[in-house]
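To keep things clear, I will list the structure first and then write my remarks on it.
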Amino acid sequence: MTRLSVNVNKVALLRNSRPLDIPNVVRAAQLAIDAGAHGITVHPRPDARHIRGDDVHSLHKLVHARGAEFNIEGNPFQPMLELVRAVRPDQCTLVPDDPGASTSDHGWDLERDGTRLQPVIAELKALGVRVSLFMDAVGEAMAAARTTGADRVELYTEPYARAFGHTEQAAVLARYIAAARAAQREGLGVNAGHDLNRDNLPLFLRTVPGVLEVSIGHALIADALEFGMKQTVVLYLDAVSGRRAA
């Protein structure tokens, strides 16, 4: 079954709006893991507007103790790598986000950045960290992704989320199918993430072959305001397994 990693950035964003430890990011992650989440994702940014360095250390300790996976996302050409070196997460997802971006909004341009990514990826793998590259659903780019030395790609799914339920849905899904198959032919594992939710997730996973992991934050945390964290994780696990109709 596809594994579910819960991104807790939005919990930290809410906490940071007041000088209090409410809500507590580690407690939120603990609830998610207790409910069956397979991993926890964080995406620290240079301005520390949500996840902070001390969160990364505390979450790594919790996730390691619970036997779940820890995934750190971010731009390797910003200070994020210092945290990765310190805690050595199970996976590092390299994302080409700009420092001022509100959220990630595109995959890597490997014609431009592939060469400078190679030594970073080699270092991370030497530390025992699995490396995933955040990529647009472009099948022709997957050979270049393999050349960097990455283990996986994470398909950027916002275009699918925008197309879901509209006339262009089938055409957009076809691009993801082709990209996933191209990645797998190159020996790359396939993850997916960005704007996935309980409604659009089942169709995506039924249609796109071999997705190993989805990382979900914004929609899941929003649903947790209504259902609570534990019940929300159960609902997303149902969606991942296909028990929720698309």
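The values are calculated or read from the model by the stated rules, or taken from the named source; none is laboratory data. Worth saying up front: this structure is predicted, and the values here are computed from it rather than measured. Don't worry about glycine lacking a Cβ; one is built from the backbone with ideal geometry, like all the others, and counts go over all protein chains shown.
If we keep just the residues of segment 205-238 that are among the charged types (D, E, K, R) and over 23 Å from GLN169 (Cα atoms), which is surrounded by the fewest Cβ atoms within 10 Å (Cβ to Cβ)?
Ranking the qualifying residues of segment 205-238, first place goes to GLU226.
Return the total of residues in segment 77-90 being modelled with pLDDT under 95 and part of a loop (DSSP other than H, G, I, E, B).
Summing the residues that are modelled with pLDDT under 95 and part of a loop (DSSP other than H, G, I, E, B) in segment 77-90 gives 3.
Only residues in segment 143-156 that are more than 20 Å from ALA174 (Cβ to Cβ) count as the first member; pair them with residues that are surrounded by fewer than 20 Cβ atoms within 10 Å (Cβ to Cβ) and basic (Lys, Arg), Cβ under 6 angstrom, at least 6 apart or cross-chain, and list the lot.
ASP151/ARG130
Given the criteria of a type in the set (Asp, Glu) and assigned to a helix (DSSP H, G or I), does GLU140 qualify?
Values: of a type in the set (Asp, Glu): yes; assigned to a helix (DSSP H, G or I): yes.
Against the criterion (of a type in the set (Asp, Glu) and assigned to a helix (DSSP H, G or I)), GLU140 qualifies.
In segment 89-102, what residues are farther than 16 Å from ARG52 by Cα and surrounded by 14 or more Cβ atoms within 10 Å (Cβ to Cβ)?
Within segment 89-102, ASP90, GLN91, CYS92, THR93, LEU94, VAL95, PRO96, ASP97 qualify.
Does segment 49-75 hold any residues that are out of contact with any Pro (no Cβ under 9 Å at 6 or more places or on another chain), part of a loop (DSSP other than H, G, I, E, B) and either of a type in the set (Gly, Ala, Ser) or surrounded by 15 or more Cβ atoms within 10 Å (Cβ to Cβ) (or both), and which are they?
GLY67, ALA68
Which pairs have Cβ atoms under 7 Å, sit 6 or more apart or on different chains, and link a residue in segment 15-31 that is on the phi < 0 side of the Ramachandran plot to one that is surrounded by fewer than 15 Cβ atoms within 10 Å (Cβ to Cβ) and part of a loop (DSSP other than H, G, I, E, B)?
That search, which allows pairs on different chains as well, returns ARG15/ASP21; ARG15/ILE22; ASN16/ARG49.
Yes/no per residue for (1) of a type outside the set (Lys, Arg); (2) surrounded by fewer than 15 Cβ atoms within 10 Å (Cβ to Cβ); (3) assigned to a loop (DSSP other than H, G, I, E, B):
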| residue | (1), (2), (3) |
| --- | --- |
| LYS10 | no, no, no |
| ASP21 | yes, yes, yes |
| VAL26 | yes, no, no |
| GLN30 | yes, no, no |
| GLY36 | yes, yes, yes |
| ASP47 | yes, yes, yes |
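When both residues are 6+ apart or on different chains and their Cβ atoms are under 7 Å apart, which pairs have a first residue that lies in segment 180-198 and is among the β-branched types (Val, Ile, Thr), and a second that is surrounded by fewer than 21 Cβ atoms within 10 Å (Cβ to Cβ) and assigned to a helix (DSSP H, G or I)?
Qualifying pairs under 7 Å: VAL190/GLN184.
Using beta carbons and a limit of 7 Å, which pairs, at least six apart or on different chains, have the first residue in segment 226-246 and closer than 14 Å to THR2 by Cβ and at pLDDT 95 or above and the second one surrounded by 14 or more Cβ atoms within 10 Å (Cβ to Cβ) and charged (D, E, K, R)?
So the pair list comes out as TYR236/ARG198; ASP238/ARG244; ALA239/ARG198.
Going residue by residue through segment 188-195, is there one that turns out to be surrounded by fewer than 24 Cβ atoms within 10 Å (Cβ to Cβ) and under 24 Å from ARG116 (Cα atoms)?
Within segment 188-195 (the criterion being surrounded by fewer than 24 Cβ atoms within 10 Å (Cβ to Cβ) and under 24 Å from ARG116 (Cα atoms)), the answer is yes, since at least one residue qualifies.
Quick one: LEU81 ticks every box in (1) surrounded by 15 or more Cβ atoms within 10 Å (Cβ to Cβ); (2) more than 29 Å from ARG27 (Cβ to Cβ) except a single one, so which number is it?
(2)
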